[in-house]
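The values are calculated or read from the model by the stated rules, or taken from the named source; none is laboratory data. Note that the coordinates shown come from a computational prediction; the quantities given were computed from them, not determined experimentally. Note that we place each Cβ from the backbone using ideal geometry, even for glycine, and neighbour counts take in every protein chain shown. Surface accessibility is based on the protein's heavy atoms, side chains included, excluding ligands, DNA and RNA. Shrake-Rupley method; radii C 1.70, N 1.55, O 1.52, S 1.80 Å.
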Amino acid sequence: MPMRPSCLAFAWLLLPGLAVAAAGHGGDVDPRIGTGGDGHTFPGATVPFGMIQLSPDTAMPDFKHAYKWAAGYQYGDDSILGFSHTHFSGSGHSDLGDVLVMPIAGEVKLDPGDPNRPRSGYRSRFDHASEVEQAGYYAVTLADYGIRAELTAGRRVGWHRYTFPAGKSAHLLLDLRPSIYDYPGKVLWSRLQVAADGTVTGCRTTRGWAPGRELCFAMRFNQPIASRTLYDRGDDVAYKGFKGPGNQPADHDAQNGRALVGVFDFGALRQPLEVKVAISPVSAANAVANLDTDGKGWDFDARRAQARADWDKALAVVDVDAPASVRRQFYTALYHAMLSPTLSMDVNGQYRGPDHAVHKASGYEFYSTWSLWDVYRAQQPLMVLLDPARSSDFVRSLVAAREASPFGILPVWAYQGLETWCMIGYHAVPVIADAWIKGVRGFDAGKALDAMVASATYAPYGDLADYMKLGYVPIDKEPEGASKTLEYAYDDWSLAQMAKALGRKDIAARFEKRAGNWKNAWDPRTGFMRARLSTGAFRTPFDPAAAGYGTDYTEGNAYQYSWYVPQDVPGLIRAMGGDAAFVRRLDAVFDAKIDPAHFRHVEDITGLIGWYAHGNEPSHHLAYLYDYAGAPWKTQQRLRQIMDSQYAARPDGLSGNDDLGQMSAWYVFTALGFYPVTPASDVYAIGRPFVGRATLHLSNGKDFTVSAAPLDDAHPYVGEVTLNGKPLAGPFLHHGQILAGGELHFRMQARPVH
């Protein structure tokens, strides 16, 4: 049962520096949204696309049971393990949780303890009433210690402020053992050192999602260290060499091992302890340089104000006029869409590449944390629209990663520069194509096209060898063959668009032909997309409801994947029998009566409306497909259904993993009234707005406003859409029309327009 906050805890809430920051869109952000249930977001402090995600961790269990804690924090927990500096936002698999620290008042215990046995270790109970979650700031009272903990962040530096109860000895414990998605032996090696000036440095190498990942750090305190003890708590190293200087843990200036813990003692403090920590994917020396450059001075409140100002500036790209609850959801979604990819480059330009070597960026910033199977759909197109300069750096980062890849291909799912090979497709290709088609410049388009072709023709990847020979991925050679055939075909189409724009007709023709390979997965007899065998026959037996490992599909089934032809929706409509038949089949997907237990073995398939699964990406474009079949009122109807049931302004307010901003980007686009069904084209499908007025302040200096009236429950349908006073010819909008500025107005009404 959660502890009630003590009077002491409430007293900390009145301390200077805890007042709510000045007005700005950052004030509409609620980082709690998505921290419960399947959202997998974190509540802690970060800045837009920053390297640091400084956040509380409530549990880091064994990876077999860690799904709920993919971001280290679950809202339903009642104790905190510590505060670590790296987290994914909304991922369905995980890692990180680097450089975990815990302030301790009084007796120090070296192990976390059992969350079900209070005070059995160094973890502490807390109450949500004592938490403050804001854009760029987090605070909580650690009830077992009476410590008020406050966190804020810069791009490469995390800032801590800990106010200890009077008369209690103050300690900071640094634990290099725990990790998100943990398991025995995950830490391959770690190093910890204390310099003569009190700077603490170290590195840790883990075998997690990305093999052999090394993360280094540098830490400083605003108070002198009275004493410190460096422990090696491991005994699983068979050969330890010869003993170094020092007979006791307190004698050591440095430690090496797989289970290092440092305890830093400060005595009884009369003022808060401040800690600043910089990280580096390259070296401890680079972490020190990051700290020296980005971590000057000791002014926590100024750093908090700067983090808030960074968020206010980033979020000011869109001004929304809507009720407070809607603004909270909208700006939290935009906030979540601006967390990744993350900066993965030190102040000297160095970064770690997929070859594990050190490289240097010149003239751009290197970003990583690429959940490409998710974010190519809406999160990256949203950045192209709102922040094209940063999108240029994103593209340059992808191309640079390809140049350093031992396989010569673009990232698939990478973080801190390293590849994980998670998910399917070569979806860096549509990210690059979408940026170029929509006018993003500042990168070498020829070099980018070469990288795209290399990725689409690397035979060992996902059985591209058979795909290039047969026109489909045979299920007897490669799992999930239907999904891979469909996704490869879309990626091929996006590559063709880039080649066409660059005048490379030979490449364009080659990949336009491959874009039609979706037809090889279509089975007209059953009316579903299916996987074929090497012989050309469809695999049998066939169950369109089957999902999960060993089936034809990736995180989905035939009901969900049979709509995945974003590059040729008219062709799909013809295959399904024309507009009326297409609409009936879409209706059947949404209206089916499905027991969620059907997908209990596939943890990512959540947010069900019939077979439609909003909690996972393959369904995200389905509601907009009615537009293509002449039934836009049904798009409007389904969007209302999805927005009402899949999003809420509460901790469990995301029906599925936010997937590094994709779920949130879907919300932002849909709230604005349009959506990129086919990234790498310049066309958006029109839905209906969920805000009364929104103005996009574009990078070219122009404003584009979306307005809707009357916008209420009694007027859920669009009567007419006008652009600068002139009716639109159909339910589609072009990117160039947005960039030209002006106003897109929706006249809402009670009845649908058939």
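Quick look at the values:
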{"read-out": "Subset of the range 558-608 [in a loop (DSSP other than H, G, I, E, B), out of contact with any strand residue (DSSP E or B) (no Cβ under 9 Å at 6 or more places or on another chain), farther than 30 Å from GLY516 by Cβ and at pLDDT 95 or above]", "value": "LYS593"}
{"read-out": "Matching residues, the range 444-453, being surrounded by fewer than 22 Cβ atoms within 10 Å (Cβ to Cβ) and not small (Gly, Ala, Ser)", "value": "ASP444, LYS447, ASP450, VAL453"}
{"read-out": "Qualifying residues in the range 136-195 (those that are more than 22 Å from PRO224 (Cα to Cα) and β-branched (Val, Ile, Thr)) - the one nearest to the chain's Cα centre (by Cα)", "value": "ILE180"}
{"read-out": "Filtered residue count, the range 308-354, keeping only those that are part of a helix (DSSP H, G or I) and among the acidic types (Asp, Glu)", "value": "2"}
{"read-out": "Qualifying residue in the range 644-667 (condition: modelled with pLDDT under 95, within 18 Å of the chain's Cα centre (by Cα) and within 21 Å of VAL375 (Cα to Cα))", "value": "no"}
{"read-out": "Some residue of the range 454-463 being more than 21 Å from ALA531 (Cα to Cα), touching a residue at least 12 places away in the same chain (Cβ under 8 Å) and open to solvent by less than 10 Å² (accessible area, probe 1.4 Å)", "value": "yes"}
{"read-out": "Neighbours by Cβ (under 6 Å, 6+ apart or cross-chain): first from the range 695-723, open to solvent by 40 Å² or more (accessible area, probe 1.4 Å); second among the charged types (D, E, K, R)", "value": "HIS697/ASP703; GLU720/ARG747"}
{"read-out": "Odd one out for THR722 among (1) out of contact with any Ser or Thr (no Cβ under 6 Å at 6 or more places or on another chain); (2) within 30 Å of LYS500 (Cβ to Cβ)", "value": "(2)"}
{"read-out": "Those residues of the range 162-198 which are open to solvent by less than 10 Å² (accessible area, probe 1.4 Å) and hydroxyl-bearing (Ser, Thr, Tyr), in sequence order", "value": "TYR162, SER179, SER190"}
{"read-out": "Hits in the range 458-482 - residues which are of a type in the set (Val, Ile, Thr) and either part of a helix (DSSP H, G or I) or touching a Cys at 6+ places or on another chain (Cβ under 9 Å) (or both)", "value": "none"}
{"read-out": "Filtered residue count, the range 235-284, keeping only those that are in contact with a strand residue (DSSP E or B) (Cβ under 7 Å, 6 or more places away or on another chain), of a type outside the set (D, E, K, R) and outside any strand (DSSP E or B)", "value": "11"}
{"read-out": "Matching residues in the range 507-545 - criterion: being open to solvent by less than 50 Å² (accessible area, probe 1.4 Å), aliphatic (A, V, I, L, M) and under 22 Å from ALA451 (Cα atoms)", "value": "ILE507, ALA508, ALA515"}
{"read-out": "Filter pass, THR229 being in contact (Cβ under 8 Å) with a residue 12 or more places away in the chain, open to solvent by less than 30 Å² (accessible area, probe 1.4 Å) and touching a Pro at 6+ places or on another chain (Cβ under 6 Å)", "value": "yes"}
{"read-out": "Count of residues meeting criterion [part of a helix (DSSP H, G or I), open to solvent by less than 10 Å² (accessible area, probe 1.4 Å) and within 20 Å of ALA750 (Cα to Cα)] in the range 625-635", "value": "3"}
{"read-out": "Flag for ILE642 being open to solvent by 10 Å² or more (accessible area, probe 1.4 Å), closer than 28 Å to ALA714 by Cα and β-branched (Val, Ile, Thr)", "value": "no"}
{"read-out": "The range 355-371: number of residues that are assigned to a loop (DSSP other than H, G, I, E, B) and buried (at least 24 other Cβ atoms within 10 Å of the Cβ)", "value": "2"}
{"read-out": "Helices (runs of 4 or more DSSP H) enclosed by the range 372-447 - at least 1 residues per element that are over 25 Å from ALA515 (Cβ atoms)", "value": "379-386, 388-404"}
{"read-out": "Residues located in the range 330-370, provided they are touching a strand residue (DSSP E or B) at 6+ places or on another chain (Cβ under 6 Å) and polar (S, T, N, Q)", "value": "SER344, GLN350, SER368, THR369"}
{"read-out": "Qualifying residue in the range 83-98 (condition: open to solvent by 10 Å² or more (accessible area, probe 1.4 Å) and of a type in the set (D, E, K, R))", "value": "no"}
{"read-out": "Residue count, the range 645-654 (criterion: surrounded by 24 or more Cβ atoms within 10 Å (Cβ to Cβ) and either of a type in the set (Ser, Thr, Tyr) or assigned to a loop (DSSP other than H, G, I, E, B) (or both))", "value": "1"}
{"read-out": "Subset of the range 202-216 (residues that are hydroxyl-bearing (Ser, Thr, Tyr) and crowded, with 22+ Cβ neighbours inside 10 Å)", "value": "THR206"}
{"read-out": "Cβ-Cβ under 7 Å pairs, at least 6 apart or on other chains, the range 740-752 side free of Cβ contacts under 8 Å to residues at least 40 places away in the same chain and of a type in the set (Lys, Arg), far side open to solvent by 60 Å² or more (accessible area, probe 1.4 Å) and outside any loop (DSSP other than H, G, I, E, B)", "value": "ARG747/GLU720"}
{"read-out": "Residue in the range 565-581 that is touching a residue at least 40 places away in the same chain (Cβ under 8 Å) and either of a type in the set (Lys, Arg) or closer than 21 Å to LYS477 by Cβ (or both) present", "value": "no"}
{"read-out": "Filter result for MET663 (open to solvent by less than 10 Å² (accessible area, probe 1.4 Å) and either closer than 21 Å to VAL320 by Cα or touching a strand residue (DSSP E or B) at 6+ places or on another chain (Cβ under 8 Å) (or both))", "value": "yes"}
{"read-out": "Condition met for TYR490 (buried (at least 24 other Cβ atoms within 10 Å of the Cβ) and not in a helix (DSSP H, G or I))", "value": "no"}
{"read-out": "Selection status of TYR461, within 25 Å of the chain's Cα centre (by Cα), among the aromatic types (Phe, Trp, Tyr), over 29 Å from PRO388 (Cβ atoms) and at pLDDT 95 or above", "value": "yes"}
{"read-out": "Unique match (being in contact with a Lys or Arg (Cβ under 9 Å, 6 or more places away or on another chain), touching a residue at least 24 places away in the same chain (Cβ under 8 Å) and under 29 Å from THR535 (Cβ atoms)) among TRP518, TRP522", "value": "TRP522"}
{"read-out": "Members of the range 711-724 found to be of a type outside the set (A, V, I, L, M, F, W, C) and out of contact with any Gly (no Cβ under 9 Å at 6 or more places or on another chain), listed by number", "value": "ASP712, ASP713, HIS715, PRO716, TYR717, GLY719, GLU720, THR722"}
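Let's see how each residue does on (1) in contact with an Asp or Glu (Cβ under 6 Å, 6 or more places away or on another chain); (2) touching a residue at least 40 places away in the same chain (Cβ under 8 Å); (3) open to solvent by less than 10 Å² (accessible area, probe 1.4 Å); (4) aromatic (Phe, Trp, Tyr):
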| site | (1), (2), (3), (4) |
| --- | --- |
| TYR67 | yes, yes, no, yes |
| ASP77 | no, no, no, no |
| VAL108 | no, yes, no, no |
| PRO115 | no, yes, no, no |
